[in-house]
Amino acid sequence: MAYAKFPVEVLTPEGEVFSEEIEMLSTVTTVGSIAILARHEPLLARLEPTELRLYRSESDIVRYAQAEGYLQFADNRALVLVEEAIAPEQIDRPTFETKLSEARAAAERAEHGSEEQARALRDVRRYEAFLAVGQ
């Protein structure tokens with residue numbers, strides 16, 4: 001079944017990653033999974049590292065490994081602002097496996113409850129998510 005389309009932009013600090021009309025957006029916020037269709041109620045949500053899915057149609061899905069960030073939906077438009085968004089085929093597994101090991105080691109070395117530990121644990125979640133999307 002075809003759904004009404006709405007514009008979405010995916011932006012990182014490096015620039016625009018995606019800008020098209022889609023039928024549905026699917027991702028994970030800090031309070032759980034969410035799917036957005038056209039005419040959704042306005043919302044602002046904090047995003048967790050995960051797989052971002054942008055449905056051009058039921059069978060045409062654009063996927064990204066998404067880092068932390070924000071999702072805004074207002075005026076029937078979606079804006080996804082994330083630290084990183086990488087297409088699964090562009091994920092360099094050996095590099096991300098090394099980054100994951102380094103982040104885990106940094107989390108273990110850091111003082112419990114410190115900002116350094118929190119940053120390292122965020123990196124662990126990001127790299128685990130990226131490796132899962134890249135499989």
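The values are calculated or read from the model by the stated rules, or taken from the named source; none is laboratory data. Bear in mind the structure is a predicted one, so any value in this text is a computation, not a measurement. All Cβ positions, glycine included, derive from the backbone under ideal geometry; neighbour counts span all protein chains shown. These accessible areas exclude ligands, DNA and RNA; they are computed on the full protein's heavy atoms, side chains included. Shrake-Rupley method; radii C 1.70, N 1.55, O 1.52, S 1.80 Å.
Using a probe of 1.4 angstrom, how much of the accessible area of the chain is carbon and sulfur, in percent?
Carbon and sulfur atoms account for 47 percent of the accessible area of the chain.
What nm distance separates the two modelled labels at Asn76 and Thr98, each placed 7 Å from Cα along Cα→Cβ?
Between Asn76 and Thr98, the simple spin-label model gives 4.8 nm.
Given a 10 angstrom Cα cut-off, can you work out which residue in Thr12, Thr95, Thr29 is the most mobile in a GNM of the chain?
Thr95
Scale the Cα Rg of region 1-76 by the rule-of-thumb value 2.2 N^0.38 Å and send over the ratio, two decimals.
Normalised by 2.2 N^0.38 Å, the Cα Rg of region 1-76 equals 1.03.
Tell me the Rg and the Dmax, in Å, that the Cα atoms of region 79-135 produce.
12.4, 36
Using just the C-alpha positions of the chain as equal point scatterers, what log10 of I(q)/I(0) does the Debye formula give at each q in 0.12 1/Å?
Reported log10 I(q)/I(0), two decimals: -0.49.
Cut-off 10 angstrom, C-alpha nodes, Gaussian network model of the chain. Which of Gly113, Gly69, Gly32 fluctuates the most?
Gly113
So if R0 is 30 Å, what FRET efficiency would Ser19 and Ala132 give, r being the distance between their Cβ atoms, rounded to the nearest 0.05?
Calculated transfer efficiency: 0.70.
Find how many whole Å separate the alpha carbon centroid of region 76-135 from the alpha carbon centroid of region 20-40.
Region 20-40 and region 76-135 have Cα centres separated by 22 Å.
Need the full-extension length gain, Leu37 to Ser57, defined as separation in residues times 0.36 nm minus the C-alpha distance. One decimal, nm.
6.0 nm
By how many degrees, 0 to 90 and rounded to 10, does the Cα axis of helix 93-109 deviate from the longest principal axis of the chain?
For helix 93-109, the angle is close to 60 degrees.
With every protein chain present, what is the per residue accessible area of the chain (1.4 Å probe, Å²)?
Here the residues of the chain average 57 Å² of exposed surface.
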